[in-house]
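Each remark here refers to the structure printed beneath this line.
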Amino acid sequence: MHVPDGFLDAPTSIATGVVAAAGVAVALRKSRDELDDRTAPLAGLVAAFVFAGQMINFPVGAGTSGHLLGGALAAVLVGPWTATLCISVVLLVQALFFADGGLTALGTNITLMGLVGVFVGYAVFLAVRAVLPRRLGVVPAAAAMGALVSVPVAAATFTGLFAVGGNADLDMGEVLTAMLGWHTVIGIGEAVITGLVVSAICTSRPDLVHGARRALAARAADERTDVTTSEVVA
Amino acid sequence: MSRPRSNRRVFAVLLVVALLVAGVASYYASSHPDGLEYVAGKTGFLETADEDGPSIDSPLADYGTEGVDDERLSGGLAGVAGVALTLAIGGGLFLLIRRRDPADKTGD
(Lines give C-alpha, C1' and ligand atoms only; values in the text may rest on other atoms or scores of the structure.)
Protein backbone atom coordinates (compact mmCIF):
# COMPACT_ATOMS: atom_id res chain seq x y z
CA MET A 1 0.00 0.00 0.00
CA HIS A 2 2.90 2.34 -0.60
CA VAL A 3 1.45 5.63 -1.77
CA PRO A 4 3.53 7.14 -4.59
CA ASP A 5 4.12 10.85 -5.16
CA GLY A 6 1.19 12.49 -6.92
CA PHE A 7 -1.81 10.57 -5.56
CA LEU A 8 -2.47 13.22 -2.89
CA ASP A 9 -2.21 16.99 -3.30
CA ALA A 10 0.40 19.10 -1.53
CA PRO A 11 -1.75 20.34 1.40
CA THR A 12 -2.84 16.79 2.26
CA SER A 13 0.72 15.48 1.96
CA ILE A 14 1.97 18.28 4.22
CA ALA A 15 -0.79 17.53 6.72
CA THR A 16 0.06 13.82 6.85
CA GLY A 17 3.73 14.81 7.06
CA VAL A 18 2.96 16.84 10.19
CA VAL A 19 0.96 13.95 11.67
CA ALA A 20 3.77 11.50 10.89
CA ALA A 21 6.46 13.80 12.32
CA ALA A 22 4.44 14.31 15.51
CA GLY A 23 3.82 10.56 15.79
CA VAL A 24 7.49 9.73 15.30
CA ALA A 25 8.51 12.42 17.81
CA VAL A 26 6.21 10.94 20.46
CA ALA A 27 7.40 7.42 19.54
CA LEU A 28 11.03 8.46 20.00
CA ARG A 29 10.24 9.44 23.60
CA LYS A 30 7.81 6.65 24.48
CA SER A 31 9.84 3.84 22.95
CA ARG A 32 12.47 4.37 25.66
CA ASP A 33 10.14 2.50 27.99
CA GLU A 34 10.05 -0.45 25.59
CA LEU A 35 13.72 -0.58 24.65
CA ASP A 36 16.50 -1.91 26.84
CA ASP A 37 19.81 -3.65 26.21
CA ARG A 38 17.94 -6.83 25.30
CA THR A 39 15.06 -5.52 23.20
CA ALA A 40 16.96 -2.83 21.25
CA PRO A 41 18.78 -5.31 18.97
CA LEU A 42 15.55 -7.30 18.64
CA ALA A 43 13.75 -4.16 17.45
CA GLY A 44 16.39 -3.56 14.78
CA LEU A 45 15.94 -7.14 13.60
CA VAL A 46 12.16 -6.77 13.58
CA ALA A 47 12.54 -3.73 11.30
CA ALA A 48 14.83 -5.74 8.99
CA PHE A 49 12.37 -8.62 9.08
CA VAL A 50 9.47 -6.34 8.12
CA PHE A 51 11.53 -4.95 5.23
CA ALA A 52 12.11 -8.52 4.02
CA GLY A 53 8.47 -9.49 4.55
CA GLN A 54 7.27 -6.51 2.54
CA MET A 55 9.21 -7.82 -0.47
CA ILE A 56 7.02 -10.91 -0.61
CA ASN A 57 3.92 -10.02 -2.59
CA PHE A 58 1.40 -12.83 -2.38
CA PRO A 59 -1.33 -13.17 -5.02
CA VAL A 60 -4.85 -12.41 -3.85
CA GLY A 61 -6.64 -13.09 -7.14
CA ALA A 62 -7.68 -11.19 -10.28
CA GLY A 63 -4.13 -10.08 -11.05
CA THR A 64 -3.72 -8.39 -7.68
CA SER A 65 -1.26 -8.99 -4.88
CA GLY A 66 -0.64 -7.89 -1.35
CA HIS A 67 2.25 -7.93 1.05
CA LEU A 68 2.84 -7.77 4.79
CA LEU A 69 2.53 -4.29 6.30
CA GLY A 70 3.98 -5.51 9.59
CA GLY A 71 2.50 -2.94 11.96
CA ALA A 72 0.60 -5.36 14.18
CA LEU A 73 3.48 -7.87 14.02
CA ALA A 74 6.06 -5.32 15.17
CA ALA A 75 3.74 -3.91 17.85
CA VAL A 76 3.17 -7.32 19.44
CA LEU A 77 6.86 -8.24 19.25
CA VAL A 78 8.50 -5.02 20.46
CA GLY A 79 5.72 -2.70 21.64
CA PRO A 80 3.67 -0.15 19.67
CA TRP A 81 5.92 2.91 19.96
CA THR A 82 8.99 0.98 18.91
CA ALA A 83 6.87 -0.56 16.13
CA THR A 84 6.05 2.91 14.79
CA LEU A 85 9.79 3.57 14.59
CA CYS A 86 10.46 0.16 12.98
CA ILE A 87 7.88 0.75 10.24
CA SER A 88 9.07 4.35 9.74
CA VAL A 89 12.66 3.17 9.23
CA VAL A 90 11.47 0.55 6.72
CA LEU A 91 9.44 3.16 4.80
CA LEU A 92 12.34 5.62 4.86
CA VAL A 93 14.74 3.03 3.45
CA GLN A 94 12.21 2.03 0.78
CA ALA A 95 11.48 5.62 -0.27
CA LEU A 96 15.14 6.72 -0.28
CA PHE A 97 16.86 3.71 -1.81
CA PHE A 98 14.21 1.58 -3.53
CA ALA A 99 11.91 4.19 -5.11
CA ASP A 100 9.05 2.39 -3.34
CA GLY A 101 6.60 4.95 -1.95
CA GLY A 102 7.08 8.61 -2.80
CA LEU A 103 9.35 10.94 -0.84
CA THR A 104 6.59 13.57 -0.62
CA ALA A 105 4.27 10.71 0.34
CA LEU A 106 6.56 9.48 3.14
CA GLY A 107 4.42 11.23 5.76
CA THR A 108 1.31 9.65 4.28
CA ASN A 109 2.89 6.20 4.29
CA ILE A 110 4.19 6.56 7.86
CA THR A 111 0.73 7.73 8.93
CA LEU A 112 -1.03 4.82 7.20
CA MET A 113 1.32 1.96 8.04
CA GLY A 114 3.42 3.23 10.97
CA LEU A 115 0.62 4.88 12.95
CA VAL A 116 -2.79 3.56 11.79
CA GLY A 117 -1.52 0.05 10.99
CA VAL A 118 0.46 -0.22 14.21
CA PHE A 119 -2.05 1.25 16.64
CA VAL A 120 -5.19 -0.28 15.16
CA GLY A 121 -3.40 -3.62 15.08
CA TYR A 122 -2.18 -3.23 18.66
CA ALA A 123 -5.57 -2.00 19.96
CA VAL A 124 -7.35 -5.00 18.45
CA PHE A 125 -4.61 -7.27 19.83
CA LEU A 126 -5.14 -5.85 23.34
CA ALA A 127 -8.93 -6.11 23.05
CA VAL A 128 -8.84 -9.74 21.88
CA ARG A 129 -6.21 -10.64 24.48
CA ALA A 130 -8.32 -9.04 27.22
CA VAL A 131 -11.32 -11.28 26.60
CA LEU A 132 -9.31 -14.50 26.32
CA PRO A 133 -7.57 -16.45 29.09
CA ARG A 134 -4.12 -15.26 30.19
CA ARG A 135 -2.27 -17.97 28.35
CA LEU A 136 0.66 -17.85 25.97
CA GLY A 137 -1.29 -19.69 23.25
CA VAL A 138 -3.66 -16.74 23.01
CA VAL A 139 -0.95 -14.26 21.98
CA PRO A 140 -0.45 -15.38 18.32
CA ALA A 141 -4.21 -15.58 17.73
CA ALA A 142 -4.78 -12.10 19.17
CA ALA A 143 -1.87 -10.78 17.08
CA ALA A 144 -3.40 -12.31 13.94
CA MET A 145 -6.74 -10.62 14.70
CA GLY A 146 -4.98 -7.29 15.11
CA ALA A 147 -3.17 -7.82 11.80
CA LEU A 148 -6.40 -8.79 10.03
CA VAL A 149 -8.20 -5.61 11.08
CA SER A 150 -5.23 -3.26 10.64
CA VAL A 151 -4.98 -3.65 6.86
CA PRO A 152 -8.54 -2.67 5.80
CA VAL A 153 -8.54 0.17 8.36
CA ALA A 154 -5.31 1.54 6.85
CA ALA A 155 -6.88 1.16 3.39
CA ALA A 156 -9.99 3.02 4.52
CA THR A 157 -7.79 5.76 5.99
CA PHE A 158 -6.05 6.17 2.64
CA THR A 159 -9.45 6.44 0.96
CA GLY A 160 -10.42 9.16 3.44
CA LEU A 161 -7.25 11.08 2.65
CA PHE A 162 -7.91 10.64 -1.05
CA ALA A 163 -11.46 11.96 -0.63
CA VAL A 164 -10.00 15.10 0.96
CA GLY A 165 -6.94 15.64 -1.20
CA GLY A 166 -6.84 13.16 -4.05
CA ASN A 167 -5.56 14.44 -7.38
CA ALA A 168 -8.51 12.90 -9.25
CA ASP A 169 -12.22 13.44 -9.08
CA LEU A 170 -13.76 10.03 -8.56
CA ASP A 171 -16.73 8.26 -7.09
CA MET A 172 -15.30 7.77 -3.60
CA GLY A 173 -17.84 5.09 -2.75
CA GLU A 174 -16.46 2.96 -5.54
CA VAL A 175 -12.87 3.58 -4.40
CA LEU A 176 -13.75 2.74 -0.78
CA THR A 177 -15.54 -0.48 -1.73
CA ALA A 178 -12.64 -1.64 -3.90
CA MET A 179 -10.01 -0.65 -1.31
CA LEU A 180 -11.85 -2.37 1.55
CA GLY A 181 -12.59 -5.49 -0.47
CA TRP A 182 -9.05 -6.12 -1.66
CA HIS A 183 -7.44 -5.12 1.62
CA THR A 184 -9.68 -7.41 3.61
CA VAL A 185 -8.31 -10.31 1.55
CA ILE A 186 -4.76 -8.95 1.96
CA GLY A 187 -5.51 -8.65 5.70
CA ILE A 188 -6.04 -12.43 5.80
CA GLY A 189 -2.50 -12.89 4.47
CA GLU A 190 -1.26 -10.34 7.00
CA ALA A 191 -3.02 -12.30 9.77
CA VAL A 192 -1.54 -15.64 8.68
CA ILE A 193 2.03 -14.30 8.49
CA THR A 194 1.70 -12.37 11.76
CA GLY A 195 0.20 -15.34 13.58
CA LEU A 196 2.90 -17.73 12.36
CA VAL A 197 5.82 -15.43 13.19
CA VAL A 198 4.49 -14.49 16.63
CA SER A 199 3.74 -18.14 17.31
CA ALA A 200 7.28 -19.20 16.33
CA ILE A 201 8.90 -16.64 18.62
CA CYS A 202 6.38 -17.25 21.43
CA THR A 203 7.20 -20.95 21.32
CA SER A 204 10.96 -20.54 21.47
CA ARG A 205 11.44 -17.29 23.39
CA PRO A 206 8.22 -15.89 24.85
CA ASP A 207 10.27 -13.65 27.14
CA LEU A 208 11.30 -11.62 24.08
CA VAL A 209 7.71 -10.95 22.98
CA HIS A 210 6.32 -7.66 24.28
CA GLY A 211 2.71 -8.81 23.95
CA ALA A 212 3.38 -12.06 25.84
CA ARG A 213 4.59 -10.45 29.07
CA ARG A 214 1.19 -10.52 30.72
CA ALA A 215 0.72 -14.22 29.96
CA LEU A 216 4.23 -14.98 31.22
CA ALA A 217 3.62 -13.03 34.41
CA ALA A 218 0.39 -14.96 34.96
CA ARG A 219 2.24 -18.24 34.41
CA ALA A 220 4.98 -17.24 36.83
CA ALA A 221 2.33 -16.30 39.41
CA ASP A 222 0.67 -19.68 38.92
CA GLU A 223 3.97 -21.45 39.40
CA ARG A 224 4.59 -19.50 42.59
CA THR A 225 1.14 -20.45 43.84
CA ASP A 226 1.82 -24.10 43.00
CA VAL A 227 5.10 -24.03 44.88
CA THR A 228 3.46 -22.43 47.90
CA THR A 229 0.64 -24.97 47.82
CA SER A 230 2.99 -27.93 47.57
CA GLU A 231 5.09 -26.54 50.41
CA VAL A 232 2.00 -26.26 52.54
CA VAL A 233 0.98 -29.81 51.67
CA ALA A 234 4.47 -31.07 52.39
CA MET B 1 12.08 -16.78 34.60
CA SER B 2 15.26 -14.91 35.42
CA ARG B 3 17.71 -17.57 34.33
CA PRO B 4 20.18 -16.04 31.89
CA ARG B 5 19.70 -17.08 28.28
CA SER B 6 21.63 -16.34 25.19
CA ASN B 7 19.89 -13.92 22.92
CA ARG B 8 22.50 -14.28 20.18
CA ARG B 9 21.03 -17.46 18.81
CA VAL B 10 17.51 -16.13 18.39
CA PHE B 11 18.86 -12.87 16.94
CA ALA B 12 21.00 -14.84 14.47
CA VAL B 13 18.01 -16.95 13.42
CA LEU B 14 15.91 -13.83 12.83
CA LEU B 15 18.66 -12.23 10.76
CA VAL B 16 19.20 -15.34 8.65
CA VAL B 17 15.45 -15.67 8.01
CA ALA B 18 15.22 -11.98 7.01
CA LEU B 19 18.20 -12.35 4.66
CA LEU B 20 16.78 -15.51 3.07
CA VAL B 21 13.34 -13.96 2.61
CA ALA B 22 14.71 -10.76 1.08
CA GLY B 23 17.61 -12.32 -0.78
CA VAL B 24 16.16 -15.58 -2.07
CA ALA B 25 12.41 -15.97 -1.56
CA SER B 26 11.65 -12.49 -2.93
CA TYR B 27 12.41 -13.78 -6.43
CA TYR B 28 9.28 -15.90 -6.22
CA ALA B 29 7.03 -13.06 -5.02
CA SER B 30 3.99 -12.14 -7.11
CA SER B 31 4.70 -9.42 -9.64
CA HIS B 32 1.06 -8.37 -9.82
CA PRO B 33 0.25 -4.81 -8.70
CA ASP B 34 -0.59 -4.55 -5.01
CA GLY B 35 -4.08 -3.75 -3.76
CA LEU B 36 -3.66 0.03 -3.86
CA GLU B 37 -2.08 0.05 -7.31
CA TYR B 38 -4.75 -2.28 -8.65
CA VAL B 39 -7.60 -0.18 -7.25
CA ALA B 40 -5.91 2.97 -8.59
CA GLY B 41 -5.79 1.42 -12.04
CA LYS B 42 -9.37 0.14 -11.88
CA THR B 43 -10.98 3.32 -10.56
CA GLY B 44 -8.82 5.64 -12.61
CA PHE B 45 -6.28 7.49 -10.51
CA LEU B 46 -3.16 5.47 -11.26
CA GLU B 47 -1.97 8.00 -13.83
CA THR B 48 -1.76 10.70 -11.13
CA ALA B 49 1.24 8.83 -9.70
CA ASP B 50 4.56 10.57 -10.26
CA GLU B 51 7.13 7.78 -10.42
CA ASP B 52 10.05 10.03 -11.34
CA GLY B 53 11.06 11.16 -7.86
CA PRO B 54 14.75 11.62 -7.07
CA SER B 55 15.13 8.10 -5.64
CA ILE B 56 14.39 6.55 -9.05
CA ASP B 57 18.11 7.18 -9.72
CA SER B 58 19.12 5.08 -6.71
CA PRO B 59 21.25 2.06 -7.65
CA LEU B 60 18.64 -0.07 -5.83
CA ALA B 61 15.54 1.50 -7.41
CA ASP B 62 12.59 -0.88 -7.82
CA TYR B 63 14.39 -3.62 -5.89
CA GLY B 64 17.04 -4.28 -8.51
CA THR B 65 20.78 -3.75 -8.34
CA GLU B 66 22.18 -1.42 -10.97
CA GLY B 67 24.70 -3.11 -13.23
CA VAL B 68 23.63 -6.66 -12.35
CA ASP B 69 21.88 -8.24 -15.32
CA ASP B 70 20.86 -11.56 -13.82
CA GLU B 71 17.36 -10.91 -12.49
CA ARG B 72 17.59 -13.32 -9.59
CA LEU B 73 20.96 -11.96 -8.44
CA SER B 74 19.95 -8.34 -8.99
CA GLY B 75 16.81 -8.66 -6.87
CA GLY B 76 18.52 -10.82 -4.27
CA LEU B 77 21.37 -8.37 -3.77
CA ALA B 78 18.91 -5.48 -3.50
CA GLY B 79 16.97 -7.44 -0.86
CA VAL B 80 20.09 -8.18 1.16
CA ALA B 81 21.17 -4.52 0.88
CA GLY B 82 17.72 -3.43 2.09
CA VAL B 83 17.85 -5.74 5.12
CA ALA B 84 21.36 -4.45 5.93
CA LEU B 85 20.33 -0.79 5.55
CA THR B 86 17.19 -1.26 7.66
CA LEU B 87 19.10 -3.14 10.34
CA ALA B 88 21.87 -0.53 10.41
CA ILE B 89 19.54 2.48 10.62
CA GLY B 90 16.93 0.84 12.85
CA GLY B 91 19.40 -1.00 15.07
CA GLY B 92 21.56 2.11 15.43
CA LEU B 93 18.54 4.22 16.35
CA PHE B 94 17.26 1.71 18.90
CA LEU B 95 20.65 1.24 20.55
CA LEU B 96 20.91 5.03 20.80
CA ILE B 97 17.55 5.59 22.46
CA ARG B 98 17.34 2.48 24.67
CA ARG B 99 17.29 2.65 28.43
CA ARG B 100 20.68 1.83 29.80
CA ASP B 101 20.28 0.11 33.10
CA PRO B 102 23.65 -0.48 34.76
CA ALA B 103 22.04 -2.91 37.24
CA ASP B 104 20.67 -5.05 34.43
CA LYS B 105 23.04 -7.95 33.98
CA THR B 106 20.64 -10.09 32.01
CA GLY B 107 21.74 -8.53 28.73
CA ASP B 108 23.57 -10.63 26.21
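The values are calculated or read from the model by the stated rules, or taken from the named source; none is laboratory data. Since we're looking at a predicted model, the values are computed, not measured. Ideal geometry is used to build each Cβ from the backbone, glycine not excepted, and the neighbour counts take in all protein chains shown. Keep in mind that these areas ignore ligands, DNA and RNA; they rest on the heavy atoms of the full protein, side chains included. Shrake-Rupley method; radii C 1.70, N 1.55, O 1.52, S 1.80 Å.
FRET efficiency for the A:V26 to B:R99 pair, using the beta carbon distance and R₀ = 22 Å, is estimated at 0.85. Per residue of B:74-83, other chain Cβ atoms within 10 Å of the residue Cβ number 3 on average. Listed by number, the DSSP H helices of chain B that run 20 Å or longer by alpha-carbon position along their axis and have mean Kyte hydropathy of at least 1.0 are B:8-23, B:71-97.
Backbone amide hydrogens, once placed in the peptide plane, bring B:D50 within less than 5 Å of A:D5, A:G6, A:F7, excluding anything fewer than 5 places away on its chain. Solvent-accessible surface of chain B, taken per residue with a 1.4 Å probe and all protein chains present: 60 Å².
For chain A, the longest principal axis of the C-alpha atoms and the axis of helix A:39-54 are separated by about 40°. Counting Cβ atoms of other protein chains within 10 Å of each Cβ in A:139-146 and taking the mean gives 0.
In this calculation the C-beta distance from A:T177 to A:A10 is compared with R0 = 25 Å, giving a FRET efficiency of 0.35. For the stretch A:140-149, putting each phi into the Karplus relation 6.51 cos²θ - 1.76 cosθ + 1.60 with θ = phi - 60° gives couplings of x, 5, 5, 5, 5, 4, x, 4, 4, 6 Hz, in residue order, rounded to whole numbers and with x for Gly and Pro.
Ordering A:196-208, B:28-40 by mean Cβ neighbour count within 10 Å, with the highest value first, yields B:28-40, A:196-208. Label reach from B:D50 (point 7 Å along Cα→C-beta): in the stretch A:1-43, amide nitrogens under 19 Å belong to A:2-18. Distances between placed amide hydrogens fall under 5 Å for A:D37 paired with B:D101, all partners being 5 or more residues away or on another chain. Considering only B:S58, B:S26, B:S74, the Gaussian network model of chain B with Cα springs below 10 Å gives its largest mean-square fluctuation to B:S58. Counting only alpha carbon atoms, the long axis of helix A:117-131 and the longest principal axis of chain A meet at about 30°. Amide H contacts for A:V60 (H built 1.01 Å from N in the peptide plane; partners 5 or more residues away or on another chain; cut-off under 5 Å): A:S65, A:G66. Per-residue shielding of A:83-91, expressed as the average number of other chain Cβ atoms within 10 Å of the residue Cβ, stands at 3.
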